[in-house]
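The values are calculated or read from the model by the stated rules, or taken from the named source; none is laboratory data. Because the structure is predicted, anything quoted here is derived from the model rather than measured. Cβ coordinates were reconstructed from backbone atoms using ideal geometry, including for glycine residues, and neighbour counts include every protein chain displayed. The accessibility values were calculated without ligands, DNA or RNA, using every heavy atom of the protein model including side chains. Shrake-Rupley method; radii C 1.70, N 1.55, O 1.52, S 1.80 Å.
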Amino acid sequence: MILFLIPALLLVAAFAVKAIYHLYLSPLARQGIPGPWYAAVSDLWSTTQQLSLRQFRGVDALLKKYGPVVRIGKNKVVFLDVQALKTVYGVTAKFDKSDFYQRFLTNHNQHSFTFIDAKDHANRKRSYAGHYSVTNLARYAPKIERVLLQMVDGLLKNGGKSTFDVMSLYRHLLVDNIFNVAFDTDVGIMERWTRNEFSPLDQAVTDFPKAQTMIELFPRPLTFLLFSIPHARLQSFLRSDVILCEAATGIFKKALAEFESSKAIESSDDEKADSENAGREVDGKSLIRRMLEFKMPDTGRRMTDLEIISEAQSHLIAGSETTSTTMSYATFELSRRPDVVFRLRQEIDSAIPDLRTMGDLTMLQNLPYLNAVIKEVLRLYPAIPGPLLRSVPAHAPDFTIGGYHIPPGTTLATQCTTLHRQKEVWGEDADEFRPERWFEETEAMRTNFIPYGLGARMCSGWNLANVMLRVLLSTLTRNFDIIAAPETTQSSLYVLESFASFPLALQAKFRFIPRTE
Ligand code: HEM
């Protein structure tokens, strides 16, 4: 008995000593940064918050209770200070991403979203620079429109008889879209949806962030147990990374073959190659082609096959689930706000008279009410609602937030959920969906609105996301009256997150009744 007791007592004593250190003696404790004691003594609070899939809510509650700088872990501080936002996240900021992002490695490889080191990250971003620019995206308008009209046709054919889960519907469309826009490949996922066929790729895209969070938070030595449970759905959930990697490898091989053959043409017949490549220039280069051609500026090294595959895989994930969730919440607002639909229709009907077209992308970019609606959706339903974690670098010069000295090694973060709902910035109706507020945009609104993050690590695909939100919202509002299914309510859409947000019910069902007036 005593043999068990002594180690147990030693463990308790070790925990108590550590807890005392973190509560009273550590550099953060000595600064007296406010926050609950139970969050400061260990990282248990933070871990349970992540497990509960409500971390952004817990952090929001603490920021409201303790003020703009709060200690939420042994070594973790969250803040709301706009000045600090620029220092921590700004374009010239020297703060790296925290190692939290390592859970999102794809195929065990780094990609732009996960790189910790700023130089590695900058090089990777250079490898596909310009691909998601507004001008380059305009080249893909016909492909975007084709898939969009497939969806509209499917809904028109149904004539409003059935309800559809739009989380899944939009994801199908957006997965197709990423393949078209980033990889110049048509995989026909939307078509599968119209035939009511299951698509493993679509499922894997939505599983990935949830599965990676589960694997990360599961006790490490026991992970193998998780992978041994003989349950088909659980195993496909846990292996979403493999499914996505297979898809990315397929498109990589295709792009590589095209790249090799174009090089062969170039070397065998320069003149002929010139004319063939002239054709390619008009088509633009796919994301993979850009990476195949890229050489690191400092070393001249080319990217390895695995690096390209992992980067492509990450764009597939980042580019579909986020936009689909945002659109699903937009659909919910449309279904319960006839006043917003009325104003939107007034604007869109006169801008796009032909029902069978999507409208010019530049023209859509200039529709004020449509853009106000999108901003309001991104404000209230940000797809990444929780803390964006950064590390104070080892040799950081003296760094303070709100008068507190923050030592090197501390993990720092802000979160848009709280920034986007501060009454001092957005007014007393901050929690309400009111697109009109964007017609009186203030400087404070501009600096506190960060649905796509900010600085050097800001979302690479934000132009694409905005394009897709515009074409989807305008086309659906134009063609359909949208009615929420009885089971789709504020409670069923209660927001949860595993870094990316999703509704509690995991679905959002609506009927799309063809518009008659
Ligand atoms: C409504 C849709 C979207 C939202 C709200 C969103 C939000 C974000 C946010 C907040 C970040 C920064 C995360 C951080 O700092 O930790 C991010 C990064 C990123 N997003 Fe998006 N995103 C969206 C759509 C897209 C799309 C369509 C793509 C297309 C490929 C994309 C690709 C990426 C990539 C590659 C990164 C990593 C950027 C880097 O660190 O260099 N996202 N996104």
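General remarks:
- Applying the condition of being touching a strand residue (DSSP E or B) at 6+ places or on another chain (Cβ under 9 Å) and open to solvent by less than 60 Å² (accessible area, probe 1.4 Å) to region 92-115 and asking which residue is modelled with the lowest pLDDT yields 93.
- Screening 39, 61, 14 for residues that are open to solvent by less than 90 Å² (accessible area, probe 1.4 Å) and at pLDDT below 90 leaves exactly one candidate, 14.
- Number of positions in region 224-244 that are of a type outside the set (Gly, Ala, Ser), under 18 Å from residue 107 (Cβ atoms) and open to solvent by less than 20 Å² (accessible area, probe 1.4 Å): 2
- Residue 124 on the phi < 0 side of the Ramachandran plot and either among the aromatic types (Phe, Trp, Tyr) or within 11 Å of the ligand (Cβ to nearest atom) (or both): yes
- Cβ-Cβ distances below 6 Å connect the following pairs, each with a first residue in region 230-242 that is of a type outside the set (Lys, Arg), a second residue that is part of a helix (DSSP H, G or I) and surrounded by 16 or more Cβ atoms within 10 Å (Cβ to Cβ), and a separation of six or more residues or different chains: 237/207; 237/211; 238/211; 240/204; 240/207; 240/208; 240/211.
- Qualifying residue in region 344-356 (condition: in contact with a strand residue (DSSP E or B) (Cβ under 9 Å, 6 or more places away or on another chain), at pLDDT 95 or above and not hydroxyl-bearing (Ser, Thr, Tyr)): no
- Matching residues, region 363-378, being open to solvent by 30 Å² or more (accessible area, probe 1.4 Å), under 17 Å from residue 138 (Cβ atoms) and over 24 Å from the mean Cα position of the chain (by Cα): 363, 366
- Residues of region 130-154 that are outside any helix (DSSP H, G or I) and either within 11 Å of the ligand (Cβ to nearest atom) or of a type in the set (Val, Ile, Thr) (or both): 131, 132.
- When the residues of region 379-402 are filtered to those that are touching a residue at least 60 places away in the same chain (Cβ under 8 Å) and away from the ligand (no atom under 12 Å from the Cβ), the one that is surrounded by the most Cβ atoms within 10 Å (Cβ to Cβ) is 401.
- Among the residues of region 484-516, the ones that are under 16 Å from residue 345 (Cα atoms) and assigned to a strand (DSSP E or B) come to 3 in all.
- Residues in region 330-351 that are open to solvent by less than 10 Å² (accessible area, probe 1.4 Å) and not charged (D, E, K, R) were compared, and the one that is nearest to the ligand (Cβ to nearest atom) is 330.
- Of the residues screened, residue 426 is not one that is farther than 26 Å from residue 169 by Cα, aromatic (Phe, Trp, Tyr), in contact with a helix residue (DSSP H, G or I) (Cβ under 6 Å, 6 or more places away or on another chain) and open to solvent by less than 50 Å² (accessible area, probe 1.4 Å).
A quick yes/no check of all residues on (1) hydrophobic (A, V, I, L, M, F, W, C); (2) near the ligand (Cβ under 7 Å from one of its atoms); (3) modelled with pLDDT of 95 or more:
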{"position": "441", "(1), (2), (3)": "no, no, yes"}
{"position": "449", "(1), (2), (3)": "yes, no, yes"}
{"position": "453", "(1), (2), (3)": "no, yes, yes"}
{"position": "459", "(1), (2), (3)": "yes, yes, yes"}
{"position": "464", "(1), (2), (3)": "yes, yes, yes"}
{"position": "467", "(1), (2), (3)": "yes, no, yes"}
{"position": "473", "(1), (2), (3)": "yes, no, yes"}
{"position": "476", "(1), (2), (3)": "yes, no, yes"}
{"position": "481", "(1), (2), (3)": "no, no, yes"}
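- Residue match in region 123-140 (condition: more than 22 Å from residue 391 (Cα to Cα), surrounded by 20 or more Cβ atoms within 10 Å (Cβ to Cβ), touching a Ser or Thr at 6+ places or on another chain (Cβ under 7 Å) and touching a residue at least 24 places away in the same chain (Cβ under 8 Å)): yes
- The condition (being out of contact with any His (no Cβ under 9 Å at 6 or more places or on another chain), under 29 Å from residue 125 (Cβ atoms) and open to solvent by 20 Å² or more (accessible area, probe 1.4 Å)) is satisfied by just one residue among 436, 441, 517, 487: 441.
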